[in-house]
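We did not get these values from a lab; they are worked out from the coordinates using the rules stated. On a predicted model such as this, the values are computed, not experimentally measured, just so you know. Using ideal geometry, Cβ is built from the backbone for each residue, glycine included, and neighbour counts are taken over all protein chains shown.
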Amino acid sequence: MATITTLARPYAKAAFEFATSAAALDAWSGMLALTAAVAADPVFVERMRDPSLTRERKADDLLMVCEGSVTPEFGNFIRTLADNDRLLLIPDIAELFEQYKAEHDRSISVEVESAFELTDDQQKTLATALSKRLDRTVTPHVTINPSLIGGVLIRAGDLVIDGSVRGKLAKLAEALKS
């Protein structure tokens, strides 16, 4: 059976290509985020799984909730998803769209775990250093994790940089065992 990502990818790619050609990447990003939030709601999911509703009615329901926040072209995209029984894929489509958009913008969102609160200057310095290393514009999202003892743990896509005291202690313990 096909995975969710495999099913969502062609729709995300089509949405991205249309938004790019229409110079509306940010607008489509916002509309996808809005509809993804609605599509992830348990009440909406239950309604979309109701076999008594037509696909057209399901699309109308979603567009009614988002009325005034979506363009007619985006409404056509939603109707296409409904025609193919893919409305529940909207959160996955939105996630893939954001990946395409980040690649297009040469940007990346980086998760930074720190043992202590980072100052604005520290965050800027970290973002600048990571931007040079990754050759992309970096947007850091910092969370506090006291279990790191000190230092930071950085996750940028598949890249993990463990500069934490906890990580160094774990490496030291492993070296002593061997």
* So how tilted is helix 72-83 from the main axis of the chain? Cα-based, degrees 0 to 90, rounded to 10. -> 80 degrees
* To do: Would you calculate the separation in nanometres between label points at Met64 and Lys132, each defined as 7 Å from the Cα along the Cα-to-beta-carbon direction?
  => 5.7 nm
* Consider a paramagnetic label point 7 Å from the Cα of Ala22 along Cα→Cβ; state which residues of the stretch 51-91 have an amide N under 14 Å from it. => 68-81
* Tell me, rounded to the nearest percent, the portion of alpha carbon pairs in the chain spaced more than 29 Å apart. => 41 percent
* Quick one: which residues, 5+ away or cross-chain, put their amide H under 5 Å from the amide H of Ser107? H built at 1.01 Å from N. => Thr137
* Structure fact -> With label points set 7 Å from each Cα along the Cα-to-Cβ direction at Leu169 and Glu95, the distance between them in nm comes to 3.3 nm
* Asked: Sorted from largest down, what three extents in whole angstroms do the Cα atoms of the stretch 107-177 have along their principal axes?
  -> 40, 23, 15
* Asked: Antiparallel as a % of all DSSP beta bridges within the chain, to the nearest 5?
  -> 50 percent
* Near the amide H of Ala115, under 5 Å away, which other amide H atoms are found, from residues 5 or more places off or on another chain, if H is placed in the peptide plane? -> Asn145, Gly151
* To do: Would you mind ranking Phe44, Phe18, Phe74 by Cβ crowding within 10 Å, fewest neighbours first?
  => Phe18, Phe44, Phe74
